[in-house]
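Note sheet for the following structure.
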């Protein structure tokens with residue numbers, strides 16, 4: 001990784017997007033920390049590397065690692081029903097602890113589906129301006145609530161879906177119940193237990209409560225920044241700086257055995273988006289996101305290459321749709337990182353599914369290639385017109401979408417074709433095109449194909465070279481292009 005280039009990309013993007021953040025990147029060669037923007041936007045105070053933010057304690061990662069540790073200690077069985085720990089919940093017999101950790105419980109959200117929903121009928125709230133409403137709602141998040149209060153809401157509603165059937169990690173009820181179970185089994189507050197099993201062992205020293213040196217800013221509609229404050233907020237939170245965030249991130253990357261055993265780490269950090277107990281997946285990268293009222297800590301890491309990066313900010317970012325892709329200031333930084341660390345090691349071709357479809361849709365080609373091939377989004381959408389014969393395939397590297405293929409397979413008529421091939425511009429000229437074609441040919445041969453013909457424009461020299469490199473040769477020559485043929 002070229003750290004100067006990385007810094008330049010971050011600094012330029014933060015300036016263009018008017019963003020504020022402390023950003024850290026680390027790998028086996030060292031750690032670099034950069035910063036941009038404001039610690040207090042309204043007061044025009046610039047952000048320093050030593051500044052701190054707050055993060056809620058009752059977040060999915062903290063509550064999950066507490067339960068995973070209890071599992072490792074033999075004090076909790078993840079296959080047990082919720083009813084063993086919270087029998088007062090009317091849905092508890094249908095839900096396992098593992099459902100809660102995986103975001104598959106189907107529980108109604110007590111916060112957005114209860115507290116915030118009820119707030120909309122409050123006359124004083126209705127009288128507020130739109131900006132003040134946004135600030136009010138944000139300050140209510142991650143406040144302390146009693147079990148009885150949450151159960152009154154949850155028990156009055158049906159499950160959103162059958163437990164275990166759908167993945168939805170946005171439900172705050174799951175984190176609340178996980179916290180309640182951890183505190184019930186340990187006899188300690190969540191912060192005390194986390195300090196014992198996580199913070200202290202890896203040398204972290206977060207401060208309980210809101211002692212942040214920064215002032216938050218919201219971006220409710222993705223397009224305009226709204227400075228706010230912490231007045232009147234009663235967050236159940238802790239204060240953290242970049243040094244402690246780095247210690248946490250490095251413990252995750254190294255699967256630090258002072259926290260969990262090697263076997264437990266492997267179970268908890270599943271490669272599957274929906275099966276991981278501790279993280280979500282962002283284009284193949286493990287991600288821990290913790291945020292409240294403008295503040296957020298985003299840790300992304302790849303244990304396979306001992307690499308991670310952190311975005312710590314007191315501000316929600318502005319988002320824009322650019323070339324059918326939702327982007328913020330950090331998108332270009334993320335693209336630069338992915339481009340720098342992704343090379344052929346163990347690529348896998350598979351059918352696009354619910355876990356890979358959005359990453360596959362974000363595959364982007366160079367402008368001069370759009371003449372020859374449709375966008376990834378259009379290509380995937382096209383397969384919906386003939387789902388039996390058209391097969392959308394994605395080539396991934398450690399779970400990251402690097403290339404796309406659309407194949408036509410009609411075994412009854414013995415018709416097979418390569419309709420679309422494209423490699424993301426971030427990963428071109430690394431051999432992924434040839435790897436993709438080789439895997440496509442293996443797949444089609446296994447489906448019964450004996451011979452393939454592929455059309456290509458005469459001036460698409462890159463594609464012609466690629467096809468010939470895997471065994472295609474000219475069959476027919478037309479004014480506008482070639483038909484290439486290959487016997488499998």
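Determine whether residue 427 is surrounded by 15 or more Cβ atoms within 10 Å (Cβ to Cβ), touching a helix residue (DSSP H, G or I) at 6+ places or on another chain (Cβ under 8 Å) and over 22 Å from residue 349 (Cβ atoms). Considered against the rule, which asks whether it is surrounded by 15 or more Cβ atoms within 10 Å (Cβ to Cβ), touching a helix residue (DSSP H, G or I) at 6+ places or on another chain (Cβ under 8 Å) and over 22 Å from residue 349 (Cβ atoms), residue 427 comes out as no. There is no residue in segment 467-477 that is surrounded by fewer than 16 Cβ atoms within 10 Å (Cβ to Cβ), under 16 Å from residue 372 (Cα atoms) and assigned by TED's automatic domain parsing to the domain that holds residue 373.
Residue 414 satisfies every condition listed in (1) within 36 Å of the chain's Cα centre (by Cα); (2) in contact (Cβ under 8 Å) with a residue 24 or more places away in the chain except (1). Of the residues making up segment 119-131, not a single one is surrounded by 15 or more Cβ atoms within 10 Å (Cβ to Cβ) and touching a residue at least 40 places away in the same chain (Cβ under 8 Å).
Suppose we filter segment 170-189 for residues that are part of a loop (DSSP other than H, G, I, E, B) and within 12 Å of residue 97 (Cα to Cα); how many remain? Before you say what the answer is, go through the steps one by one.
As a first pass, look at segment 170-189 and keep what is part of a loop (DSSP other than H, G, I, E, B): 170-171, 187-189.
Filter once more, so that each one left must be within 12 Å of residue 97 (Cα to Cα): none.
The total comes to 0.
Restricting attention to segment 365-395, the residues that are crowded, with 20+ Cβ neighbours inside 10 Å and in contact (Cβ under 8 Å) with a residue 60 or more places away in the chain add up to 0. If you take the residues in segment 437-464 that are farther than 16 Å from residue 415 by Cα and out of contact with any helix residue (DSSP H, G or I) (no Cβ under 9 Å at 6 or more places or on another chain), which one is surrounded by the fewest Cβ atoms within 10 Å (Cβ to Cβ)? Per the criteria, the residue is 461. Residues in segment 233-255 that are touching a helix residue (DSSP H, G or I) at 6+ places or on another chain (Cβ under 6 Å) and either surrounded by fewer than 20 Cβ atoms within 10 Å (Cβ to Cβ) or modelled with pLDDT of 95 or more (or both): 247, 251, 253, 255.
Residue check: is residue 25 in contact with a strand residue (DSSP E or B) (Cβ under 8 Å, 6 or more places away or on another chain), within 26 Å of residue 307 (Cβ to Cβ) and modelled with pLDDT of 95 or more?
The answer is yes for residue 25.
Of all residues in segment 324-344, those satisfying the criterion of being over 18 Å from the mean Cα position of the chain (by Cα) and either at pLDDT 95 or above or assigned by TED's automatic domain parsing to the domain that holds residue 433 (or both) are 340, 343, 344. In this structure, is residue 381 on the phi < 0 side of the Ramachandran plot, outside any loop (DSSP other than H, G, I, E, B) and within 20 Å of the chain's Cα centre (by Cα)? The answer is no for residue 381. Entry remark, segment 59-103: residues being assigned to a loop (DSSP other than H, G, I, E, B), in contact with a strand residue (DSSP E or B) (Cβ under 9 Å, 6 or more places away or on another chain) and buried (at least 20 other Cβ atoms within 10 Å of the Cβ) number 3 in total.
Between 116, 153, 162, the distinction of being part of a helix (DSSP H, G or I), closer than 30 Å to residue 77 by Cα and in the same structural domain as residue 55 (by TED's automatic domain parsing) belongs to 153 only.
Where strands (runs of 3 or more DSSP E) fall wholly inside segment 262-357, the ranges with 1 or more residues that are surrounded by 15 or more Cβ atoms within 10 Å (Cβ to Cβ), in contact with a strand residue (DSSP E or B) (Cβ under 8 Å, 6 or more places away or on another chain) and at negative phi are 280-282, 285-292, 295-302, 307-313, 325-327, 348-351.
The values are calculated or read from the model by the stated rules, or taken from the named source; none is laboratory data. Because the structure is predicted, anything quoted here is derived from the model rather than measured. Cβ: placed from backbone, ideal geometry, glycine included. Neighbour counts: every protein chain shown.
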